[in-house]
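The values are calculated or read from the model by the stated rules, or taken from the named source; none is laboratory data. Keep in mind the model is a prediction, meaning the values are calculated, not measured. Cβ placement follows ideal geometry from the backbone for every residue including glycine, while neighbour counts extend to all protein chains displayed. What goes into the accessible areas is simple: the full protein's heavy atoms, side chains included, and nothing from ligands, DNA or RNA. Shrake-Rupley method; radii C 1.70, N 1.55, O 1.52, S 1.80 Å.
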Amino acid sequence: MSTTTIDPTISAPPAPPYSSLPPGSPLPPLLQAARVARDPIGSALRLHRRYGEPFTMRFPGMGAGIVFSSPELVRQVVTGRPDVFHAGLSNAPLGAVLGRWSLLTLDRAPHMQQRKLLLPPFHGERLRAYGELIRDLAEREVAGWPLGRPFRLDERMQALTLEVILDVVFGITDAARKDDLRRLLPPLVESSRHVVFWGPIAQRNFGPLRLRETFELRRDAVDALLLAEIADRRRVPGEQLDQRRDILSMLVQATHEDGSPMGDEELRDELMTLVMAGHETTATALTWAIDLLLRHPAVLARMRAAGPDGDDEYVNAVCQEILRIRPVVPFVGRVVTEPVRIGEHEVPAGAGLIASIVLTHHRPDVYPSPGEFRPERFLDGAVPSYAWLPFGGGVRRCIGASFAQFELATILRVLARADVRLASRRPEPIRATGVTLVPGRGVRLVRVAA
Ligand code: HEM
């Protein structure tokens, strides 16, 4: 279906035997995953304390990963040569939902070709033009919160960031299609999370629990809507497309180096990638942000005082500290297709490398009292390179990073003014699901005044 000539297939060398890797927990992979799911930061800190750097972790159906966390070694992992350090192979479990053209699952030249197509729409000030729209959506969202009755903030933030994606990325104007996507995307995100975290186990059927069929039905329903939107957008005349600012309209007009346009399947895969990579991540960061602000009234008061436009420096420091202490994506992975050296450590071909964002962000040598939420630390001095990496790094660094930070700051300025309190003072448990660290109880709020 696609008109491009790139070949998106690269196979991984066989994984090296576990015994040849650095030490790690002797527990079976399923039990290790269960521990990580229940206490992702605590379990990483315990393993680090016990085995030092690097240590090895095992995941069900996905093999082992060698974990690094000091900024210098993390730098070597994320900036390693892209023809040897493969993020696409490491993200392979996402392929079931994202498809074979996804920026996240491709490597080498095919990855760079897709990245060149996707970067321009995310560049510079372009997406800042959406500031007003995002502020309006956030204000409308807060106005709809119930008075005096607890509600889950994570669900509300997911609805809000989905609206942003539907406008900014998809540019959907057809009300019925927008409604269908609002209804069908959240269950697909939910199914995909299990597929990613539990690997092939979540793609099997267990008696009446038809996990694979449920996932495929959900994916196919969303695909049909995305392909219909792509077909409609191709019919819009070029001069009208030029007036539109959404990302799909730009991608429909983008061309590969040989002048060929992106195919339907390619566009579908990148749209799915943008929604999967950009919707829940931003919603989760916002949910953690409010949880942290409500537990730190002095920081909240200063955010409120900043108002809708003022004190950018402080608001940015708050956003940086939120993403440090609660990095939404706890680690990024690479699979090496040749033997490599990371610091003094020899790594065999086929091994998985993990740059542990949670561990780097909790290093006391970089961040004194790392468990404390203190935005001022980002005002006081420069953070060493590769010590703050919520968006990963190198040629795989998140392409939505500056947009996500802009969206986070814009929405937080609105949310900080809402009259709400936490429904419970008990600490919010941190859970790992899919590729994100989420608040276990969803951060329940009560609105105290309209
Ligand atoms: C707080 C919000 C977000 C966080 C924490 C986040 C984090 C990340 C991380 C850690 C990576 C992997 C980088 C690596 O392997 O080194 C990534 C990749 C990516 N992100 Fe984000 N992201 C966020 C928001 C977004 C948004 C809003 C979009 C787009 C709408 C987006 C699109 C992508 C894409 C397409 C990639 C793949 C890049 C590649 O492989 O070349 N992300 N993100």
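A crude spin-label estimate for the pair Asp264 and Leu379, with each label 7 Å from Cα along the Cβ direction, gives 5.5 nm. For the peptides 145-151, 211-217, 321-327, 429-435, the ranking by packing is 321-327, 429-435, 211-217, 145-151, with the highest mean count of neighbouring Cβ atoms within 10 Å listed first. Net length available on complete extension from Ser424 to Glu344 is 24.1 nm, with 0.36 nm assigned per residue and the Cα-Cα distance removed. Only helical runs count toward this figure. For the chain, summing -39,500 (n - 2.57) over DSSP H runs of n ≥ 4 and dividing by all residues gives -15000 deg cm²/dmol at 222 nm.
Peptide packing for 267-277, 285-295, 15-25 was compared via the average number of neighbouring C-beta atoms within 10 Å per residue; ordered from the highest value, the list is 267-277, 285-295, 15-25. Converting the Cα gyration tensor eigenvalues of region 18-447 into ellipsoid dimensions via √(5λ) gives semi-axes, longest first, of 31, 29, 22 Å. Take each peptide in 328-338, 251-261, 234-244, count the other Cβ atoms within 10 Å of every residue, and average; sorted highest first, the result is 328-338, 251-261, 234-244. Taking the DSSP beta bridges with both ends in the chain, the antiparallel portion is around 80 percent. Taking 7 Å steps out from each Cα toward its Cβ at Glu125 and Arg38 produces label points 5.3 nm apart. Just going by the charge dipole of the chain, with Lys and Arg at +1 and Asp and Glu at -1 on Cβ, which of Pro297, Phe406, Leu226 is farthest out on the positive end? In the chain, that residue is Pro297. Hey, can you list the DSSP H helices of the chain whose Cα span along the axis is 15 Å or longer and whose average Kyte-Doolittle score is at least 0.0? Qualifying helices: 153-165, 264-294, 312-325, 401-415. Kindly provide log₁₀ I(q)/I(0) values, in the same order as q = 0.14, 0.20, 0.24 Å⁻¹, from the Debye equation applied to equal alpha-carbon scatterers of region 350-450. Debye curve over Cα of region 350-450, log10 I(q)/I(0) at q = 0.14, 0.20, 0.24 Å⁻¹: -0.82, -1.47, -1.47. The simple Förster model, with R0 at 25 Å and r as the Cβ-Cβ distance, assigns Glu139 and Arg183 a FRET efficiency of 0.60. Extension gain for Leu30 to Arg444 (0.36 nm times residue separation, less C-alpha to C-alpha distance): 146.0 nm.
Give me the net charge for the shell around Pro308: Cβ to Cβ below 9 angstrom, other residues only, Lys and Arg +1, Asp and Glu -1. Here the charged neighbours net out to +2. Per residue, the accessible area of the chain comes to 43 Å², computed with a 1.4 Å probe over protein heavy atoms only. The calculated FRET efficiency for Glu213 paired with Ala305, based on their beta-carbon distance and R0 = 45 Å, is about 0.30.
Atom-type composition of the exposed protein surface of the chain places 54 percent of the accessible area on carbon and sulfur (1.4 angstrom probe).
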